[in-house]
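Colleague: One structure, pasted below without further comment.
The values are calculated or read from the model by the stated rules, or taken from the named source; none is laboratory data. The structure presented is a predicted model; accordingly, all values stated were derived computationally and were not measured. Using ideal geometry, Cβ is built from the backbone for each residue, glycine included, and neighbour counts are taken over all protein chains shown.
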Amino acid sequence: MSRVLAGKFLNCLHRNGPYLFHGYLAFKHQRFSISPIFSLLSGDNYGDPTDIIGYDPRTCGQNQGAAGVPDGNPGKANFVTCGASLVNGGLLAIPNPTTGAFDSVGQYRQPWLLNLAAQVSAEISPTVTGRIIFANILNTCFGGSSTPWSKAFPPGNQTCFYSANGLAVSNFWNGTGPNDPVGNVAPAIPQYNYPYLNQPYAGGFNPFQMTFQLQFKM
């Protein structure tokens, strides 16, 4: 009877990118062996003082207070009355509505990405070895900066990073507010209430795959 346990771990730091940890464990007992493999990728930094866009109130003909809307900030503009300003087509970079301040460059950290795979092999006979390779057993994201948008839409196997939504999210209203179905043509998308949108992994995760091989010794 014999048992062998081995492992290898690599830690690479890209000069302009995230950390990448890659490694495996190898266990062998008589004719059977298994090798789980993992890759762990840290998230990039994100955030910029120009990420969050709002309407230029100087171009708007009506605000929430003048319209008699009882709730919210009376200074918020009725966006359908806003016209183009001399700067950026009527929109301006504004402070992050969840913090009250402009975001700094790279203020937030994207979630980490974890991938698991494995290889299982068995010596069927002295001349035949069977091998099964499991790819993408697990693809998931976790961690990163704790923010209002990451708490509302936490990282996992669907959400892997966040990006600026590119919409005016803090200084406009429609009806009694951005979510009022009476004032909106369609119900508002909840993600659009936050300055950063949750996004899937770029290109999408590869599906689970299993490959069987037979190796013959001549």
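Colleague: In the range 115-125, which residue that is surrounded by 14 or more Cβ atoms within 10 Å (Cβ to Cβ) and among the polar types (S, T, N, Q) is farthest from Leu197 (Cα to Cα)?
Modeller: In the first step, residues of the range 115-125 are kept if they are surrounded by 14 or more Cβ atoms within 10 Å (Cβ to Cβ); the result is 115-123.
After this cut, where a residue has to be among the polar types (S, T, N, Q) as well, the list is 115, 119, 121.
Values: Asn115: 23, Gln119: 37, Ser121: 43 Å.
Ranking the qualifying residues of the range 115-125, first place goes to Ser121.
Colleague: Mind listing whichever residues of the range 102-138 are more than 30 Å from His29 (Cα to Cα) and among the small types (Gly, Ala, Ser)?
Modeller: So in the range 102-138, the residues more than 30 Å from His29 (Cα to Cα) come out as 102-113.
Ser104, Gly106 - these are the residues of the range 102-138 that are more than 30 Å from His29 (Cα to Cα) and among the small types (Gly, Ala, Ser).
Colleague: Evaluate the range 62-80: report whether one residue or more is acidic (Asp, Glu) and modelled with pLDDT of 90 or more.
Modeller: Scanning the range 62-80 turns up no residue that is acidic (Asp, Glu) and modelled with pLDDT of 90 or more.
Colleague: Which condition from (1) touching a Pro at 6+ places or on another chain (Cβ under 7 Å); (2) surrounded by fewer than 16 Cβ atoms within 10 Å (Cβ to Cβ); (3) among the polar types (S, T, N, Q); (4) not in a strand (DSSP E or B) is the one that Thr99 breaks?
Modeller: (1)
Colleague: Restricting the search to the range 22-47, which residues are part of a strand (DSSP E or B) and either closer than 30 Å to Pro195 by Cβ or basic (Lys, Arg) (or both)?
Modeller: Lys28, Leu40, Leu41, Asn45, Tyr46
Colleague: Identify the residue in the range 140-152 that is polar (S, T, N, Q) and not in a strand (DSSP E or B) and, among all such residues, is surrounded by the most Cβ atoms within 10 Å (Cβ to Cβ).
Modeller: Ser150
Colleague: Criterion first (at pLDDT below 75 and among the basic types (Lys, Arg)) does Arg31 satisfy it?
Modeller: Working: at pLDDT below 75: no; among the basic types (Lys, Arg): yes.
So Arg31 fails the test.
Colleague: Suppose we filter Asn136, Asn115 for residues that are under 30 Å from Gln215 (Cα atoms), touching a Pro at 6+ places or on another chain (Cβ under 7 Å) and not aliphatic (A, V, I, L, M); which single one remains?
Modeller: Testing whether each residue is under 30 Å from Gln215 (Cα atoms), touching a Pro at 6+ places or on another chain (Cβ under 7 Å) and not aliphatic (A, V, I, L, M) leaves just Asn136.
Colleague: Being modelled with pLDDT of 90 or more and surrounded by 12 or more Cβ atoms within 10 Å (Cβ to Cβ) narrows it down to one of Pro195, Pro178, Pro200, Pro155, so name that one. Write out each step before concluding.
Modeller: On the way: Pro195 fails: modelled with pLDDT of 90 or more; Pro178 fails: modelled with pLDDT of 90 or more; Pro200 fails: modelled with pLDDT of 90 or more.
The match here is Pro155.
Colleague: Further question: Answer with yes or no whether Val128 is under 29 Å from Cys160 (Cα atoms), surrounded by fewer than 14 Cβ atoms within 10 Å (Cβ to Cβ) and among the β-branched types (Val, Ile, Thr).
Modeller: The answer is no for Val128.
Colleague: Oh, and also: Testing Thr50 on (1) at pLDDT 90 or above; (2) under 20 Å from Phe161 (Cβ atoms), one condition comes back false. Which one is that?
Modeller: Against the list (1) at pLDDT 90 or above; (2) under 20 Å from Phe161 (Cβ atoms), Thr50 comes up short only on (1).
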